[in-house]
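Nothing in this text is a laboratory measurement; each read-out follows from the coordinates by a stated rule. Nothing here was measured: the structure is a model prediction, and the numbers come from that model. Glycine gets a Cβ as well: all are built from the backbone with ideal geometry, and neighbour counts include every protein chain shown.
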Amino acid sequence: MKELVIISGKGGTGKTTITASFAALSENAVIADADVDASDLHLILHPSVRIDNQFFCGHEAEIRQVDCVGCGACLAHCRFEAVKMLGDNAGEAEFSIDASSCEGCGACVRLCPVKAIDFHERYCGEWYVSDTRFGPMVHAVLGAGAENSGKLVNIVRTNAKKVATETGRSLIITDGPPGIGCPVISSVTGADAVLAVAEPTLSGIHDLSRVIELARHFRIKMFVCVNKFDINPGLTEKIERLSEESGAFIAGRISYDREVTNAQNEGLSVIEHNKGVSVGEIKSIWGKISREF
């Protein structure tokens, strides 16, 4: 099987719109949403969950009040100010640990003289295997403030490959996270190709240059398309020159099209909505990638 990951240098460039359109155009794909910090592909594909799994990563400390002697050793040694003093009870101080501030370092657990602090796995979110009108989908939700999104992305991609193997599908289309950080690295490592979605702004050129360096570092075949190209044709040409000079393939241009928003308001991909100039442009990009991929 092959995997195509749609990425961008920042959020809001149209990754999810294009991923949903590709899902509608593909005939034998598994769809994966690796943007676990802010997933929204489900708003268009409306997945029906078949498998629901909890995601645990790291640890967090919790004081057993019945065993705590109120010595304050945890408060004195916590560098993250996660330990809070609640007040006095019969002359003894009571302490608790704020889960949102705890970094899971374990210092309080090791230094508690009466071993009154538990150190359990931290619940960080959930991941799912679902059915959509375009085929199987693997997606996830990272809890608010939770860490290790890169690990959750890896779980999504691993299970997407498992589903593809089990169902005999030859392609995985992955909606990747924005930027170039840990979750993006986790989403593109080992992929066969990436499609970078750029926008024709000065910051868009800068963002794309970072994504190009990332793809070059991991030696991944790269396609580039410019979304809303007609808002600044001059910068669009600069983006395409930068891409070609870097060895990337120009997949095409997409016009600014209000029908994309209308389709999303209806919970549809723009391909299903089948209105607006962007429909033909996205189909052309999909055809070019399919031939070169």
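Going by neighbour counts of Cβ atoms within 10 Å, the residues Lys275, Lys221 line up, fewest first, as Lys275, Lys221. Placing a label point 7 Å from the Cα of Met1 along the Cα-to-Cβ direction, the residues of segment 165-196 whose backbone N falls under 15 Å of that point are 165-175, 190-193. With the Cα gyration tensor of segment 160-293 giving a ≥ b ≥ c as the square roots of its eigenvalues, does the rule (a/c under 1.5 for rounded; else a/b larger than b/c for prolate; else oblate) give rounded, prolate or oblate? Cα axes put segment 160-293 in the oblate bin.
Peptides 14-24, 255-265 ranked from most to least packed by the mean count of surrounding Cβ atoms within 10 Å: 14-24, 255-265. The helix-based estimate of mean residue ellipticity at 222 nm for the chain, built from -39,500 (n - 2.57) per DSSP H run of four or more residues and divided by its residue count, is -10500 deg cm²/dmol to the nearest 500. Each Lys and Arg Cβ is given +1 and each Asp and Glu Cβ -1; about its Cα centre, the chain then shows a dipole of about 1000 debye.
The label-point distance for Arg110 and Asn274, in a model that sets each label 7 Å from Cα toward Cβ, rounds to 6.4 nm. If the segment from Phe293 to Glu237 were pulled out straight at 0.36 nm per residue, it would be longer than the present Cα-Cα gap by 17.8 nm. For segment 65-115, the residue among Val69, Pro113, Gly87 whose Cα projects farthest onto the positive side of the dipole built from Cβ charges is Pro113. Extension gain for Asp67-Arg50 works out to 1.9 nm (0.36 nm per residue, less the C-alpha to C-alpha distance).
Listed options for percent of Cα pairs over 34 Å apart are (1) 28; (2) 33; (3) 24. The value calculated from this structure is the one marked (2).
Amide H contacts of Ile172: Lys2, Glu3, Leu4, Val30, each under 5 Å away and 5 or more positions distant or on a separate chain (H built 1.01 Å from N in the peptide plane; Pro and chain starts excluded). Note on Val279, Val49, Val270: ascending count of other Cβ atoms within 10 Å places them as Val49, Val279, Val270, the fewest first. For segment 103-111, 3J(HN,Hα) computed residue by residue from phi via the Karplus equation (6.51, -1.76, 1.60; θ = phi - 60°) reads 9, x, 6, x, 4, 5, 5, 6, 9 Hz, glycine and proline entered as x. Neighbour counts of other Cβ atoms within 10 Å put Glu272, Glu27 in the fewest-to-most order Glu27, Glu272.
Summarising the amide proton neighbourhood of Phe55: residues at separation of 5 or more, or on other chains, whose placed amide H is nearer than 5 Å comprise Cys124, Gly125, Glu126, Trp127.
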